[in-house]
Structure formats: C-alpha cells, structure tokens
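To keep things clear, I will list the structure first and then write my remarks on it.
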Amino acid sequence: LIKEEEINKKINEIAEKINFDYQSKKVFIIVVLKGAMFFVADLIRKLKIPITLDFVSISSYGNSAATSGAVKILKDLEENIEGQDCIIVEDIVDTGLTLDYLIKILKLRNPLSIKVCSFLDKPSRRILEIEIDYKGFEIPDKFVVGYGLDFAEYYRNLPFIATLKKEVIKKNIDPLRR
C-alpha cells in the first residue's frame, strides 16, 4: 500500500513542519507503543529542536483486527508533562476512541499544549472526531501491517505498509503458517 521510499519522504515533510512550528521551543514527545516506535525513531532523528520523550502503551484491540471499544492504559508516562508543549505520536488513527481517551487523560495533567502526529489516518472508520496536526498518509478502510503496525504481534518489522489478507483476519490464524 505504501512503499518505503514514500514513507521516508513523508517523514521528512512532517519533521520540517514540526521544526518550523516549534523553532526555539522544547517539545515533549509522547510515543504510543508499540505501533509508533518505528515512525517516531525515524521522525525524531530529523528534528532539529530540543526534545524529550516518554512512552505510553494504550490498547483497545488486543489480538483482534477490530477494536473492542474498551480502552486500557498498559503503561503510563514516567515524566511530568505539566507546562510542556506535547506531541502525541501515534501509528494510526481510525475510530478515534483510543486517542480521544488518551488526550483527555493527558489534558488533566496541565500540559501547555497537546498536538497529534499520526503516521496513518483512516477517516472512514472515525467514530469521534480527532484533529491530527501532523498527518502522514490517509488510507482506505483496510487492515494494514508493517512499519510498526501488527496483526497479533506479527509484521511490525516490514519496512513498508501492506494490507493483510482477509482469510488471515477472519480465521485469526497464525499468519506465518502456510
């Protein structure tokens, strides 16, 4: 669906926008694990501004291809974000439920600002409107894997974005079994 070269070009574009918007400011990067790890690693190496970062793990999927609707924080931030300009870095925004929950929780901690940077956007699945300040690619309503995104923890290591075959999703089988 998205080639490695396209990904690299888009990361450069996003980094340029963030560098411009935050020139002479420090930014606290909040990485949503596990999916955003590849994206954020490549992105922050392109940033020319001072950053700090921390990680949060939040889930509404488990080992399924469909959201459960129940949002759980699996790992919270270790650092205080009060009075800081924050950017949440996500792998994908689809229904918006998980990200909306995370934003509400983080706003209670009194950051100076919170912006959202998402590698992928799937607006056709949106239940709650989420403003994405720095957006990578808009994609169709397909289940995608690669570049940090997984299915049952497989495929994160692909350097591109691919769609997963429906028979793998429906049967919830080991995707590597032949």
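Only one of the numbered conditions (1) assigned to a strand (DSSP E or B); (2) open to solvent by 40 Å² or more (accessible area, probe 1.4 Å) is not met by PHE28, and that is (2).
Residues of the stretch 33-61 that are within 11 Å of the chain's Cα centre (by Cα) and open to solvent by 70 Å² or more (accessible area, probe 1.4 Å): LYS34, MET37.
The values are calculated or read from the model by the stated rules, or taken from the named source; none is laboratory data. Note that the structure is a prediction, hence the values are computed from the model and not measured. With ligands, DNA and RNA removed, areas are computed over all heavy atoms of the protein, side chains included. Shrake-Rupley method; radii C 1.70, N 1.55, O 1.52, S 1.80 Å.
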